[in-house]
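Chemist: One structure, pasted below without further comment.
The values are calculated or read from the model by the stated rules, or taken from the named source; none is laboratory data. Predicted, not measured: the structure shown is a model, and the values here were computed from it. Quick reminder, even Gly has a Cβ in these numbers, built from the backbone with ideal geometry, and neighbours come from all protein chains shown.
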Amino acid sequence: MNSPASMGSHPRHLLDFQDWTPERLTAILDNADTMLQVLDRPVKKVPALQGLTVCNAFFENSTRTRTSFELAARRMSADVLTFAAGASSVSKGESLRDTMEVLTSYKVDAYIVRHHAAGAAHLVARYSGKPVINAGDGRRAHPTQALLDAYTIRQEYGSLEGKTVAIIGDIRHSRVARSNAELLPKLGAKVVLCGPAPLLPAGLGALPGVTLTTDPREAVRGAHAVMALRLQRERMSGGFLGSLQEYADTYQVNETLMQEAESGAVVLHPGPMNRDLEISGDTADGPRSRILKQVENGQAIRMSVLYHLLVGRN
Ligand code: CP
């Protein structure tokens, strides 16, 4: 991957999209096309990261992000050190910094960090001296999820330019909503964020290309892609909602709601899903659903990001 001057300076980390130009983000999506071709071969391996060690440091649970990063690194021949906080000395009170210093002693070349605290990946970036990829920090950002979402929509339409993406649900607690609200307008799409007022922070409406509504019908009208978000019951304290049934009755992404969207509009969900709460089971499994396509694309996007940060800067 070459880096012409028009792409802007090459960010060292992927923590959020602040320092990333549209050209550079597009290059990551373009390169994922090549990675998907690698994943279609009988031998799904290239030597791009041979000799390098990637540390998967997960201080919060994950299925998709952890497994896809692990596979992505292995597909490119890196050694992978997987660290899961639940089975570590974190449970004995060891701090993030001390834990990361132990991992740094193994001469790791890049860190993938998931943590329940916003800003944790930034902290690791400051003292690790190596590229850091944010795999989700609290409610703040989940950039590789947004990239795979953008890639999945681009696969449908060829481009994000002029497309509308409705994101419906628990916006307040969602790092996925924040990262998509930051990324998609950079790539030419409009974003409509929708949820009950207590779960819809007004400040997000100030982002360029982003509008807010509490009305799900208004949100999906004219949308090319509709993303349902998980209702994050574990992050709720303080009565944001009346009842789950009331929430589902109004905000569930289902076939009735999708009647209002563009014909051919696709349905996304970052997972994990609460079936028949924020999304109906038949919509999740139906012909509009691209949920498993998102998972498949996640591996290619993460290969592309690793390549971009570890090899593409040379
Ligand atoms: N979408 C997502 O981040 O899923 P996991 O928590 O399973 O990684």
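Chemist: Could you say whether any residue in segment 42-60 is within 16 Å of the ligand (Cβ to nearest atom), out of contact with any Leu (no Cβ under 8 Å at 6 or more places or on another chain) and touching a residue at least 40 places away in the same chain (Cβ under 8 Å)?
Modeler: Within segment 42-60, one or more residues are within 16 Å of the ligand (Cβ to nearest atom), out of contact with any Leu (no Cβ under 8 Å at 6 or more places or on another chain) and touching a residue at least 40 places away in the same chain (Cβ under 8 Å).
Chemist: For segment 100-118, check the following and say yes or no: at least one residue is in contact (Cβ under 8 Å) with a residue 12 or more places away in the chain, part of a helix (DSSP H, G or I), surrounded by 14 or more Cβ atoms within 10 Å (Cβ to Cβ) and of a type outside the set (A, V, I, L, M).
Modeler: yes
Chemist: Something else now. May I ask you to list the residues in segment 143-164 that are in contact with a Lys or Arg (Cβ under 7 Å, 6 or more places away or on another chain) and in contact (Cβ under 8 Å) with a residue 40 or more places away in the chain?
Modeler: Result: 144, 152, 153, 157, 164.
Chemist: Could you please find all residues in segment 302-312 being of a type in the set (A, V, I, L, M), surrounded by fewer than 24 Cβ atoms within 10 Å (Cβ to Cβ) and in a helix (DSSP H, G or I)?
Modeler: Listed by number, the residues that qualify are 309, 310.
Chemist: Separate question: What is the one condition in (1) buried (at least 16 other Cβ atoms within 10 Å of the Cβ); (2) more than 15 Å from the chain's Cα centre (by Cα); (3) more than 17 Å from residue 298 (Cα to Cα) that residue 171 does not satisfy?
Modeler: (2)
Chemist: Which numbered condition trips up residue 66, out of (1) among the basic types (Lys, Arg); (2) within 16 Å of the ligand (Cβ to nearest atom); (3) touching a helix residue (DSSP H, G or I) at 6+ places or on another chain (Cβ under 8 Å)?
Modeler: Unmet condition: (3).
Chemist: Test residue 83 against the criterion of being under 18 Å from the mean Cα position of the chain (by Cα), surrounded by 14 or more Cβ atoms within 10 Å (Cβ to Cβ) and either within 16 Å of the ligand (Cβ to nearest atom) or more than 23 Å from residue 150 (Cβ to Cβ) (or both), and give yes or no.
Modeler: It is false that residue 83 is under 18 Å from the mean Cα position of the chain (by Cα), surrounded by 14 or more Cβ atoms within 10 Å (Cβ to Cβ) and either within 16 Å of the ligand (Cβ to nearest atom) or more than 23 Å from residue 150 (Cβ to Cβ) (or both).
Chemist: Kindly establish whether residue 167 is touching a strand residue (DSSP E or B) at 6+ places or on another chain (Cβ under 7 Å) and assigned to a strand (DSSP E or B).
Modeler: Taking the combined requirement at face value, the residue satisfies it.
Chemist: I'd like the full set of residues that are within 15 Å of the ligand (Cβ to nearest atom), outside any helix (DSSP H, G or I) and charged (D, E, K, R), limited to segment 276-301.
Modeler: If the condition is that a residue be within 15 Å of the ligand (Cβ to nearest atom), outside any helix (DSSP H, G or I) and charged (D, E, K, R), then 278, 290 are the ones that fit.
Chemist: Among the candidates 177, 135, 146, single out the residue that is of a type outside the set (D, E, K, R) and closer than 30 Å to residue 105 by Cβ.
Modeler: Exactly one of 177, 135, 146 is of a type outside the set (D, E, K, R) and closer than 30 Å to residue 105 by Cβ, namely 135.
Chemist: For residue 46, indicate whether it is at pLDDT 95 or above and either assigned to a helix (DSSP H, G or I) or over 25 Å from residue 84 (Cβ atoms) (or both).
Modeler: Numbers: at pLDDT 95 or above: yes; either assigned to a helix (DSSP H, G or I) or over 25 Å from residue 84 (Cβ atoms) (or both): yes.
So residue 46 passes the test.
Chemist: Just checking, does segment 164-176 include any residue being among the polar types (S, T, N, Q) and either closer than 16 Å to residue 113 by Cα or within 12 Å of the ligand (Cβ to nearest atom) (or both)? Outline the logic, then answer.
Modeler: Looking only at segment 164-176, we keep the residues that are among the polar types (S, T, N, Q), and these are 164, 174.
Subsequent filtering for residues that are either closer than 16 Å to residue 113 by Cα or within 12 Å of the ligand (Cβ to nearest atom) (or both) retains 174.
Scanning segment 164-176 turns up at least one residue that is among the polar types (S, T, N, Q) and either closer than 16 Å to residue 113 by Cα or within 12 Å of the ligand (Cβ to nearest atom) (or both).
Chemist: I've got another one for you. Which one is nearest to residue 254 (Cα to Cα), of the residues in segment 183-214 that are surrounded by fewer than 18 Cβ atoms within 10 Å (Cβ to Cβ) and out of contact with any helix residue (DSSP H, G or I) (no Cβ under 9 Å at 6 or more places or on another chain)?
Modeler: 197
Chemist: Pairs, please: C-beta under 6 Å, at least 6 apart or cross-chain, first residue on the phi > 0 side of the Ramachandran plot and in segment 121-142, second in a strand (DSSP E or B) and within 13 Å of the ligand (Cβ to nearest atom)?
Modeler: 136/114
Chemist: Could I ask something else about it? Quick one: count up the residues across segment 171-182 that are in contact (Cβ under 8 Å) with a residue 60 or more places away in the chain and in contact with a helix residue (DSSP H, G or I) (Cβ under 6 Å, 6 or more places away or on another chain).
Modeler: Here the count works out to 4.
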